[in-house]
Every structure is written in C-alpha cells, then in structure tokens.
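Before any comments, here is the structure.
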Amino acid sequence: MDRLYPDFSVTEESFDREHLAALLGGSSDTDLFSVANKALGENMGMGVYLRGLVELSNVCRKNCLYCGLRRSNPSVRRYTMPFDEVTAVIRYGYSRGLRSFVIQSGELPDREHIDLVERILTWTNAELGDVRMVLSMGELPRQVLDRLKKAGAHRYLLRIESSSHDFYSRFHPSNDLHSYRDRLNTLAILRETGWQTGTGVLIGLPGQTVQQLADDLLFMKKMDIDMCGMGPYLSHRDTPLWKERETVLPAERRVDLSLRMIALLRVMIPSSNIAATTALQTLDPQGLEKGLSAGANVVMPNLTPEAYRKDYNLYQGKVIVDDSLDSLLERLSVQCNAIGRKVMMGNPGDPQHFVRRMNTPDPECEVIGND
Ligand code: SF4
C-alpha cells in the first residue's frame, strides 16, 4: 500500500476514525504541519487568498444555543446594511485588489433580505465582473439558491457545526427550524448544483471528543467539499451555553485542536481552500500565522463598517481591528511574508478541488450523518 506522503504515517486508506483521533489527541509536534504544508504546496501553492468579509445583517430567525446573534438574545442591536453601503465597501475592496467577497448574515429567507442580496450580486456582476462572491447566510430553499447563483454568486459556506446528529441536537433547539437533516440536504444541494461548496465545524464544544472531531473530518472528506471554515468554539455570555463555560477546554488546547484539524483536512482534501478563521485569531494572537502554517490558505479581512462591526458578535471577544483597509492589507502582507507566504492580490483563488470536480464525472456524494 502506497503512502500518501512517504514521511508521514497517514495513508489514504488509514484515514480511519481511531487513527485520526489519535493524531488529534497527540501532543504538539511539527511533523503533521510540515506534511500538511507539503500537501498545500503541491496542490494549491503557498499563496494566501483574501476574501473581503461584509457582515450584511445580524438579524437571524434561528436560536442556536452557542450563538450571540440568536433570535432570543434581546441585547443585540439588530441591523441590516443598506445596499449603497455594501456596494461602497465592495467597490473600495476591489480598488485595493480584493477579488472575492463574502456576504454573511443570519438566516433570514424573507423576500426583502433575499431581494437585497440578489441586488448586491447583480450589481457586483455588472460593475466589477471578475470577482467571486461567497454567501454565508444559512439554509435557503433550492429555488432561492438557484436565484442567487443566477444573480452572480459562486460559493456558499454552510457550516454543519458537527457531523454527529446527536451532538448537533445538543446545541440546537429541537424543532423543525433547526433540523439537522435539512442542513445536510442543503449542503448536498449546494454541491450538486454547481456551487463551490464549503462547510466547517466548531472545535472544542463542551463534551466534544476527538473521536467526534475525527468523524467531522471524515464527513468533510466524504462530502468532498471545496472549502472549509472551522475554528475554535468561543462562548458568549448571552447564550444558553454560557452556563457550561467552565467545562470548555483551555484556550491553548482548543487552538491546538483547531490547528490539527486544519492540517489533517489539508492532507485529506489537499486541493481545497481552508480558512484561518477569525475565531482562531481571537483565541491566539498568533492565530493567523499558526493557521496558515498548519495548512490554511485563506484569510478574510473584515470590510464591515465600524458602525456595524461591533454588533456582529457570534461569540465573546471577537477581534475587532480598526485599521483602514490599506493598513490591514499591509499588515496581512507582512504577517504572511514573515512565515514565507505571499498574499495573492488580484486573484479570486478558486479551489483547485472545485475545478477538478467540475472537469470529472461526479462521484456519488451521499448525504451522510452519524445518526
Ligand atoms: S449560528 Fe447562524 S443560524 Fe445560528 S443563531 Fe447564529 S447566526 Fe443564526
């Protein structure tokens, strides 16, 4: 049996639950990270791709037990950015070399919200053209997804949060609005209808085991995803899960687990795009550099105007950088150069995994869950 990488003890066939769990549970070492970097270099190159993040609206119909934006949190000042402000920040980001933008919001499939997103996409397509638009706005019906894709969206990030149905149910209310099956099906629809499809999980939730995280990796491999955004769990005082904060793993361990998850996913799906998330940067001042050095290749500088940014609090203590975009991009460039990486300005950074997937017959992608 050939090894996937000769200097690493993981073979493609050995991506089994117990082996992955053992690697996740191991003490810190650099072997895993150097193998991940080798996989990155061979499949995606060592460039770092930027996505300008626009936190369009913090209104959400859902009540996820870990999220500060949950519908039942009365202390959130709710906002939706007007069209003109959204297009102004996108235009500004474009003028500085950004070629991919993420439109993020709570889950709100009402007509007004979808019309606004469609208008933004149509404008972006007509005015800028050569950009990749990413949506991250929860579960939407297929016809709405089709409409947004037609308007100019290319990528969709829908985090599964956990691949275990039971564990997912622990952190979401038990009702039709929070159906695990619906989330899986939406993910499968995205993948099958030509979206660059991304998902991700929360790492370090109370009671989570390395076996569950190993299952999460296997889930993403089996779903054959193109992109991943996963990061450490951070608690928020205005959520039901706050009462379990004493049982959460120490920050250092959550960071280490997150880095191991990034590295293992890089080896398992080498040509995917993987983000060094804001949550990782919030928990560790060196989180950006560490995430990239573990195998990530995407960073999302936040373009949300200051007036809204502090109200988009999924978790407590989110890093809020008040730098101008020019200073922020300059700093990112310096940080990347310091670890031997280069920011790829003017490049939308499509995941090679998607390009190959579109050029080959679609392998059967099952909707799976560890029910
Ligand atoms: S995690 Fe997303 S869907 Fe859930 S409450 Fe927060 S913003 Fe809404």
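For Thr193, only one of the following conditions fails: (1) at positive phi; (2) surrounded by fewer than 16 Cβ atoms within 10 Å (Cβ to Cβ). What is its number?
Against the list (1) at positive phi; (2) surrounded by fewer than 16 Cβ atoms within 10 Å (Cβ to Cβ), Thr193 comes up short only on (1).
Evaluate the following for Ile203: is it under 24 Å from Arg357 (Cα atoms) and buried (at least 16 other Cβ atoms within 10 Å of the Cβ)?
It is false that Ile203 is under 24 Å from Arg357 (Cα atoms) and buried (at least 16 other Cβ atoms within 10 Å of the Cβ).
Going through the stretch 248-259 one residue at a time, which ones are over 16 Å from the mean Cα position of the chain (by Cα) and not aliphatic (A, V, I, L, M)?
Across the stretch 248-259, the qualifying residues are Pro250, Glu252, Arg253, Arg254, Asp256.
Restricting attention to helices (runs of 4 or more DSSP H) lying wholly within the stretch 140-221, give those where 2 or more residues are within 16 Å of the ligand (Cβ to nearest atom) and touching a strand residue (DSSP E or B) at 6+ places or on another chain (Cβ under 9 Å).
Values: elements: 142-151, 165-170, 180-192.
By residue number, 165-170, 180-192.
Going through the stretch 222-252 one residue at a time, which ones are part of a helix (DSSP H, G or I) and either within 17 Å of Tyr315 (Cβ to Cβ) or hydroxyl-bearing (Ser, Thr, Tyr) (or both)?
Pro240, Leu241, Trp242, Lys243, Glu244, Arg245, Glu246, Thr247, Ala251
Check off (1) within 15 Å of the ligand (Cβ to nearest atom); (2) under 27 Å from Arg99 (Cβ atoms); (3) part of a helix (DSSP H, G or I) for Thr304 and give me the number that stays unchecked.
Thr304 satisfies all of (1) within 15 Å of the ligand (Cβ to nearest atom); (2) under 27 Å from Arg99 (Cβ atoms); (3) part of a helix (DSSP H, G or I) except (3).
Sort out which residues of the stretch 50-98 are of a type in the set (Asp, Glu) and within 16 Å of the ligand (Cβ to nearest atom), and write them in order of number. Outline the logic, then answer.
Filtering the stretch 50-98 for residues of a type in the set (Asp, Glu) gives 55, 84-85.
Within the stretch 50-98, just Glu55 meets the criteria.
Quickly run through the stretch 23-43 and pick out the residues that are touching a residue at least 40 places away in the same chain (Cβ under 8 Å) and in a helix (DSSP H, G or I).
Correct list: Leu23, Leu24, Gly25, Leu32, Phe33, Val35, Ala36, Asn37, Ala39, Leu40, Glu42, Asn43.
Can you find a residue that is assigned to a helix (DSSP H, G or I) and touching a Cys at 6+ places or on another chain (Cβ under 8 Å) anywhere in the stretch 323-345?
Checking the stretch 323-345: not a single residue is assigned to a helix (DSSP H, G or I) and touching a Cys at 6+ places or on another chain (Cβ under 8 Å).
Kindly indicate which of Asp84, Asp29 is of a type in the set (Asp, Glu), modelled with pLDDT of 95 or more and over 25 Å from Gln196 (Cα atoms).
Of the residues listed, the single one that is of a type in the set (Asp, Glu), modelled with pLDDT of 95 or more and over 25 Å from Gln196 (Cα atoms) is Asp84.
List pairs: first in the stretch 44-65 and in contact (Cβ under 8 Å) with a residue 24 or more places away in the chain and among the β-branched types (Val, Ile, Thr), second within 10 Å of the ligand (Cβ to nearest atom) and part of a loop (DSSP other than H, G, I, E, B), Cβ under 7 Å, 6+ apart or cross-chain?
Val59/Gly106; Val59/Leu108
Could we say that Leu157 is crowded, with 20+ Cβ neighbours inside 10 Å and in contact (Cβ under 8 Å) with a residue 12 or more places away in the chain here? Can you show your working first?
Working: crowded, with 20+ Cβ neighbours inside 10 Å: yes; in contact (Cβ under 8 Å) with a residue 12 or more places away in the chain: yes.
Spelling it out, Leu157 is indeed crowded, with 20+ Cβ neighbours inside 10 Å and in contact (Cβ under 8 Å) with a residue 12 or more places away in the chain.
Give the residues of the stretch 74-95 that are assigned to a loop (DSSP other than H, G, I, E, B) and surrounded by fewer than 17 Cβ atoms within 10 Å (Cβ to Cβ), sorted by residue number.
Correct list: Pro74, Ser75, Arg77, Arg78, Tyr79, Pro82.
In the stretch 114-139, which residues are more than 14 Å from the ligand (Cβ to nearest atom) and not aliphatic (A, V, I, L, M)?
Within the stretch 114-139, Asp115, Glu118, Arg119, Thr122, Trp123, Thr124, Asn125, Glu127, Gly129, Asp130, Arg132 qualify.
Check whether at least one residue in the stretch 116-126 is within 25 Å of Tyr315 (Cβ to Cβ) and free of Cβ contacts under 8 Å to residues at least 60 places away in the same chain, and report yes or no.
no
Kindly evaluate Arg111 against the criterion of being more than 16 Å from the ligand (Cβ to nearest atom) and of a type in the set (D, E, K, R). It would help to see each step written out before you state the result.
Details: more than 16 Å from the ligand (Cβ to nearest atom): yes; of a type in the set (D, E, K, R): yes.
Judged against the criteria, Arg111 is a match.
The values are calculated or read from the model by the stated rules, or taken from the named source; none is laboratory data. Bear in mind the structure is a predicted one, so any value in this text is a computation, not a measurement. Note: ideal-geometry Cβ built from the backbone for every residue, glycine included; neighbour counts use all protein chains shown.
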